[in-house]
Amino acid sequence: MKKINFGIVNYGAGNIASVSGCLSRLGHTVTIVESAEELKGTNFLILPGVGAFPTAIKFIKVNKLAQHLVARVKLGTPIIGICLGMHLMATKSFELGNNDGLNLIPGRVEPHDNGSTQIGWRPLVFRRPSEIFSTFEAQEFYFNNSYRFVTENKYIFATVGNSGGNVAAVKNGTALGLQFHPEKSQNIGTAFLSRAIESLDSG
Amino acid sequence: MADARLIGVITVRGGIAVQSFSYERYLPIGKPEFLAENLDRWGVDEILVKVVDRSKKEMGPDIDLLRRLASLDLQTPLIYGGGIRDAQDAATVIQNGADRVLIDSILTEKSYELEAIRDCIGKQAVIGAVPVLFSDGVKWFEYKSRTIHDIVSANMVEKLSHYLSELLVIDFKNEGLHNSFNIKLIEKFPSDLLPLLVFGGITEIEQKKELLRTGMVSGLCVGNSLNYREHAVQHIKRHFSQTLIRAPYFIETKENKYG
């Protein structure tokens, strides 16, 4: 795989070390991005997980990152959002209030039906046939989320098995959102992330 | 889809991984990094690192340890507990290698910090540790002052449910002992509002099955007994159906076709 310089957005929380370690393991370089200036030189963007939506989106907007992230993606820069990162890509979130997201993938973020948290290893069910990802069908990945992404079928890439259709992954052009944590889903997660990066990078 | 998780626990004191007995005696085992690497390779569902001497000494979280663990490139979700005082500490812990945090003394001493922690790292990333014993009800043990607090009540759990995703019920009296976790702590737990993790003397397969049968337990936390044999994790998992606990994971064999 060719070496890519990833920009991991730091919004004041986020398991940056875990994501950074995974990308380094795959042979890539990482820049931690806290300002628009630091986006320069990055070829691929990551919105990491672990955090709360209002705090994260406020940080991104206050540091004037929001418009630059959206502009870069519109120009074709691939982006992967993990867990909270996926939620930041939505149009709107109802986590602890009512906040606008980056609208990279139309949809909204809302609590699970019974207010519960999904924690543990769950299988993926791919909505679209894909040679690249078929080996991951029904394999288990690590989820840890109190809120879920709700969107139209056309953006749903995969759902959580046996969950009544909870979204596991969404896609819109070069933007991919993953509800699970590939960086913490052991070998299978690393393999999935590697495949996803290759797929997005090749357009 | 697995309902429950097997969580490997590393207890750290004075920078060394230890076997802890009832919060009173500690036997050194070795470097926490070695245990973490083993648990990662053996395929536990999460790794919990509990640093037991940071809060008492008001030292804050052990970021150096976290950075050393992060440098190992663990591919298993990591929960860190020990010395977390506020939201800033929680964020620092997450940014330096942990994926979830375990908070203990904050629950009794600084519960006003809970909202800020939740708003910073998200409720799903926060677990509350509750050392307890059973005496006419489930009673909370405050380990710093070594006093027994009030009975854990349904009202208490309801309040905590706004800020935590799970509760770690620690049978501290039976910690380090064989097959000794007091199941009454779960059977008589006052509320099912929060999923429970259990820890303290959980060494046998039948014990683990009994705890999962209560329907209240989402995670079995097992400490030093995992260090007695190679593939201990896989051995335990083989006794459970894959709908209960995720199937065993072998990194050296053909079963791992993604390696």
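Please give the number of the condition B:Glu175 fails out of (1) within 14 Å of the chain's Cα centre (by Cα); (2) modelled with pLDDT of 95 or more; (3) more than 16 Å from B:Ser105 (Cβ to Cβ).
The one condition B:Glu175 does not meet is (2).
For the range A:130-184, what are the residues that are of a type in the set (Ser, Thr, Tyr) and more than 13 Å from the chain's Cα centre (by Cα)? Give the steps one after another, and end with the answer.
Going residue by residue through the range A:130-184, those that are of a type in the set (Ser, Thr, Tyr) are A:130, A:134-135, A:142, A:146-147, A:151, A:155, A:159, A:163, A:174.
Selection gives A:Ser130, A:Ser134, A:Thr135, A:Tyr142, A:Ser146, A:Tyr147, A:Thr151, A:Tyr155, A:Thr159, A:Ser163.
Step by step: first the residues of the range B:92-108, then only those that are more than 14 Å from chain A (Cβ to nearest Cβ) and in contact with a Leu (Cβ under 9 Å, 6 or more places away or on another chain), then the one that is nearest to B:Glu166 (Cα to Cα). Which residue is that?
It comes out as B:Ile103.
Residues that are of a type outside the set (Val, Ile, Thr) and more than 14 Å from chain B (Cβ to nearest Cβ): does the range A:161-169 have at least one?
Yes: one or more hits.
Might you let me know whether the range B:243-253 holds any residue that is more than 14 Å from chain A (Cβ to nearest Cβ) and closer than 14 Å to B:Val44 by Cβ?
Checked against the condition, which is being more than 14 Å from chain A (Cβ to nearest Cβ) and closer than 14 Å to B:Val44 by Cβ, the range B:243-253 yields no hits at all.
Among the residues of the range B:192-232, count how many are within 14 Å of another protein chain (Cβ to nearest Cβ) and among the hydroxyl-bearing types (Ser, Thr, Tyr).
1
Can you name the residue in the range A:48-69 that is closer than 21 Å to A:Arg148 by Cβ and either of a type outside the set (Val, Ile, Thr) or in contact with a Ser or Thr (Cβ under 6 Å, 6 or more places away or on another chain) (or both) and, of all such residues, is surrounded by the most Cβ atoms within 10 Å (Cβ to Cβ)?
A:Gly49
The values are calculated or read from the model by the stated rules, or taken from the named source; none is laboratory data. Bear in mind that the values here come from a model prediction, so they are computed numbers and not experimental data. When we count neighbours, we look across all protein chains shown, and the Cβ atoms used for this are built from the backbone with ideal geometry, even at glycine.
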